[in-house]
Amino acid sequence: TAEVTLNGVNIDCSSIDTASAIHTGGAGNVVIELDGTNTLQSGVSAAGLQKENDGTLTINDADNDGVLNAFGGEYGAGIGGGDSDHYNGDGSGIIINGGTVNATGGFLAAGIGGGYDGNGSDITINGGTVTACGGDYGAGIGGGDGDMYNGDGSDITINGGTVIAYGGYEGAGIGGGWCGDGSNISVTGGMVLAVGGDLGAGIGGGYLGSGSDIGISGGAVTAVGGTAGAGIGGGFDGNGSDVTVSGDARVNVQGGEGDSEAGTGAGI
């Protein structure tokens, strides 16, 4: 495990194509501790904080005073994968335990998860205040633009903290990017706001994508679909299935205009 502390750094590579402000690698795990305010800006094709190592990438804030602002370049996620033409487009094995984390994806990329033509999977948020904004065609948390083949957001778990996820145009708030499905998404606690971009679900599929195996068993969740997208379920022309709300969860669901006001289920 590589352990790194970011303490008030400002790394700007936005003018350098394929350059990532921070790029992890190797076979092991990486743990990043946040102190002070840290800003990462990457160039075209790279994620702000690019996760390339085989193990997990964990973000901690032991002193509860850390901030991370991560901006992906065009085609790169805020945190996760870069452009699949230059890097591994997938963003997986990401854990956030604390801190104020603001992740903004570039065009065709997720805020947290996949870059262009990449999936976002195995993403867990246990605490902190997390705001994730996808670029056009990317999910807030989940898949990037799928280019008809990828773009899925799966195995996404929120156990606590405050999580705000905005999908870009045709992307889900939490789940799939363009043409991407959202599956095996679980909320057990915390406060969650998930807003889909036009034609995307709040939680579930992006445009043409389905939402399935979505379980909410705790916390307070507000899920708002974009135009013609379900609050929870499928994006435009996608299906919604196996959506479960249980326990003491508080859920507010709103389908987008043109979705027959469906709260959960198919996009249209």
Among the residues listed as 225, 204, 138, the single one being surrounded by 23 or more Cβ atoms within 10 Å (Cβ to Cβ), free of Cβ contacts under 8 Å to residues at least 40 places away in the same chain and not hydrophobic (A, V, I, L, M, F, W, C): 204
Every residue in region 230-254 that is in contact with a strand residue (DSSP E or B) (Cβ under 8 Å, 6 or more places away or on another chain), buried (at least 24 other Cβ atoms within 10 Å of the Cβ) and outside any strand (DSSP E or B), please. 230, 231, 234, 235, 238
Can you name the residue in region 4-26 that is among the small types (Gly, Ala, Ser), within 20 Å of residue 59 (Cβ to Cβ) and open to solvent by 40 Å² or more (accessible area, probe 1.4 Å) and is also nearest to the chain's Cα centre (by Cα) among such residues? 25
So, of the residues in region 101-114 that are open to solvent by less than 40 Å² (accessible area, probe 1.4 Å) and in contact with a Leu (Cβ under 9 Å, 6 or more places away or on another chain), which turns out to be farthest from residue 6 (Cα to Cα)? 103
Considering only residues of region 115-135 that are touching a residue at least 60 places away in the same chain (Cβ under 8 Å) and closer than 14 Å to residue 165 by Cβ, which is surrounded by the fewest Cβ atoms within 10 Å (Cβ to Cβ)? 128
Counting only residues that are open to solvent by 10 Å² or more (accessible area, probe 1.4 Å) and not hydrophobic (A, V, I, L, M, F, W, C), which one in region 168-188 is nearest to residue 212 (Cα to Cα)? 183
Are any residues in region 66-100 at pLDDT below 95 and either within 17 Å of residue 38 (Cα to Cα) or open to solvent by 10 Å² or more (accessible area, probe 1.4 Å) (or both), and if so, which ones? 84, 85, 86, 87, 88
Out of (1) modelled with pLDDT of 95 or more; (2) open to solvent by 20 Å² or more (accessible area, probe 1.4 Å), the one residue 1 does not meet is (1)
Given the options 62, 110, 77, 139, name the one that is part of a loop (DSSP other than H, G, I, E, B), among the hydrophobic types (A, V, I, L, M, F, W, C) and more than 22 Å from residue 195 (Cβ to Cβ). 62
Reported set for region 146-167 where residues are in a loop (DSSP other than H, G, I, E, B) and either open to solvent by 30 Å² or more (accessible area, probe 1.4 Å) or within 23 Å of residue 216 (Cα to Cα) (or both) is 147, 148, 149, 150, 151, 152, 159, 160, 161, 167
I'm told residue 36 meets every condition in (1) surrounded by fewer than 19 Cβ atoms within 10 Å (Cβ to Cβ); (2) under 20 Å from the mean Cα position of the chain (by Cα) except one. Can you identify the failing condition by its number? (2)
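The values are calculated or read from the model by the stated rules, or taken from the named source; none is laboratory data. What you see is a predicted model; the values in this text were computed from it and never measured. Methodologically, a virtual Cβ is constructed for each residue, glycine included, from the backbone with ideal geometry; neighbour enumeration extends over all protein chains shown. The accessibility values were calculated without ligands, DNA or RNA, using every heavy atom of the protein model including side chains. Shrake-Rupley method; radii C 1.70, N 1.55, O 1.52, S 1.80 Å.
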